[in-house]
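The values are calculated or read from the model by the stated rules, or taken from the named source; none is laboratory data. Remember, predicted model here, so these are calculated numbers, not experimental data. Please note: Cβ atoms are built from the backbone with ideal geometry, for glycine as well, and neighbour counts cover all protein chains shown.
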Amino acid sequence: MTAIYASHSTQARGRLVPEEESTFRSCFQRDRDRIIHASAFRRLKHKTQVFIEHEGDYYRTRLTHSIEVAQVARTIAGALHLNPELTEAVALAHDLGHTPFGHTGEDALSALMKPYGGFDHNAQAIRIVTDLERHYAAFDGLNLTWETLEGLAKHNGPVTGVVPWALEEYNSQHDLELNTFASAEAQVAAIADDVAYNHHDLHDGLRAELFSTDELAALPILNACFEEVDEIYPGLNYYRRRHEALRRFFGVLVEDVIHFAQARLMELQPQSVEDIRSAGKTIIRFSDDVFSDLKVIRSFLFVRMYRAPSVIEMRAQVTQVVNELFPHFMSHPEQLPKQWRKDVQAADGETALARIVSDYISGMTDRFALQEHERLLA
């Protein structure tokens, strides 16, 4: 049974371009399906999570990360009696705007785009699903429901201060009410992102041998997980032991979110999704104790993984790739693919051209960016 404060598909606010409703799928199911079939979603297969895509077949990519986020999100949504289709749609689409080479690529592109309004991967996700996916006859983008777009724009909280240009551009024609919190479903997608990467970054760091199992077992939360595994399975194989411990760590995070959210919902007693939006605080989050422990784990990962010498070396290499591709296309826009040249011809000024080049580069996969750099600039 869906909760009274959940987002109900029968009460959805509709799409920018009106469409006939499906006879067998809810509007949020259609959103999810359109996201899965989008070109930008397929490209996540070859986009960095932490390790560059070609560094190993076993590391997470943006695609596998997004699937893990959706799995966690559906679990939490089910426990809280929220709308699973809307939750999954936001979870699957939340990383569509990421550049090649993960946050390293985004940092490089943000610096290059600073004179032209900047670059923000959350705003870019909105740009992709409202404009850059150009496959449908009746509209640009995917023509998603207001609720899914709101979730993409605000899953990390209200958008205050300077609004990224890509988000402001769309919001001017379809008000996403950026100053309020998002639905509980979008908040679930956001916390599921945290659960997923806190878990799988530890797993990938172990596989890359950037730290040891013993170091992991000394961290908060994980120490109790390893102790439980050792008590139940004494003498367990090295790989199975750490997998069992990380599996328990994963479960601790999910259960903490569910129990804390249930307590907050009991306290708030929301009677509608609008009560969630106007609550003035995030409803779906970790408890203070777990959040504090996760800060210790994140600090460990920052030093031992995200700033490991091998990772830093690769960051420098791929930063150079982005730094050289951008000015090259700015000087030679005729070398953009044929389907981009119509936009180039219509571009009014340097800023418009820079945003087209940014759209093109940010949509590249790791491997394609490396190949293009080799082809055009080596």
- Message: As an exercise: evaluate GLU68 against (1) at pLDDT 95 or above; (2) more than 13 Å from the chain's Cα centre (by Cα) and give the number of the one condition it does not meet.
- Response: (2)
- Item | For ASP293: the one exception among (1) among the acidic types (Asp, Glu); (2) in contact with a helix residue (DSSP H, G or I) (Cβ under 8 Å, 6 or more places away or on another chain); (3) closer than 22 Å to GLU215 by Cβ | (2)
- Message: Return the residues of the range 305-360 that are charged (D, E, K, R), buried (at least 16 other Cβ atoms within 10 Å of the Cβ) and over 30 Å from LEU202 (Cα atoms); say none if nothing qualifies.
- Response: ASP343, ARG355, ASP359
- Task: Within the range 354-375, work out how many residues are without any contact (Cβ under 8 Å) to a residue 60 or more places away in the chain and either out of contact with any helix residue (DSSP H, G or I) (no Cβ under 6 Å at 6 or more places or on another chain) or among the aromatic types (Phe, Trp, Tyr) (or both).
- Result: 5
- Checking ASP204 against (1) at pLDDT below 95; (2) surrounded by 24 or more Cβ atoms within 10 Å (Cβ to Cβ), which single condition isn't satisfied? (2)
- Message: If the requirement is being at pLDDT 95 or above, closer than 19 Å to ALA6 by Cα and either hydrophobic (A, V, I, L, M, F, W, C) or in a helix (DSSP H, G or I) (or both), which of these qualifies: VAL229, VAL188, VAL195?
- Response: VAL188
- Task: Identify, from the list ARG315, ARG298, ARG304, ARG277, the residue that is in contact with a Phe, Trp or Tyr (Cβ under 6 Å, 6 or more places away or on another chain) and over 30 Å from GLN11 (Cβ atoms).
- Result: ARG304
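The rows are residues; the columns are (1) under 25 Å from ALA6 (Cα atoms); (2) surrounded by fewer than 16 Cβ atoms within 10 Å (Cβ to Cβ); (3) modelled with pLDDT of 95 or more.
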site: LEU132; (1), (2), (3): no, no, yes
site: ALA137; (1), (2), (3): no, yes, yes
site: LEU142; (1), (2), (3): yes, no, yes
site: TRP146; (1), (2), (3): yes, no, yes
site: LEU149; (1), (2), (3): yes, no, yes
site: LEU152; (1), (2), (3): yes, no, yes
site: ALA166; (1), (2), (3): no, no, yes
- Would you say PHE181 is at pLDDT 95 or above, aromatic (Phe, Trp, Tyr) and either outside any loop (DSSP other than H, G, I, E, B) or in contact with a Phe, Trp or Tyr (Cβ under 6 Å, 6 or more places away or on another chain) (or both)? no
- Note on the structure: Of the residues in the range 341-367, those that are assigned to a helix (DSSP H, G or I), modelled with pLDDT of 95 or more and of a type outside the set (S, T, N, Q) number 10
- Would you be able to tell me the number of residues in the range 104-143 that are part of a helix (DSSP H, G or I) and aromatic (Phe, Trp, Tyr)? 1
- Residues in the range 22-52 that are among the charged types (D, E, K, R), surrounded by 23 or more Cβ atoms within 10 Å (Cβ to Cβ) and at pLDDT below 95 total 1
- Message: Among the numbered criteria (1) surrounded by 17 or more Cβ atoms within 10 Å (Cβ to Cβ); (2) closer than 19 Å to MET305 by Cα; (3) modelled with pLDDT of 95 or more, which one does ALA218 miss?
- Response: (1)
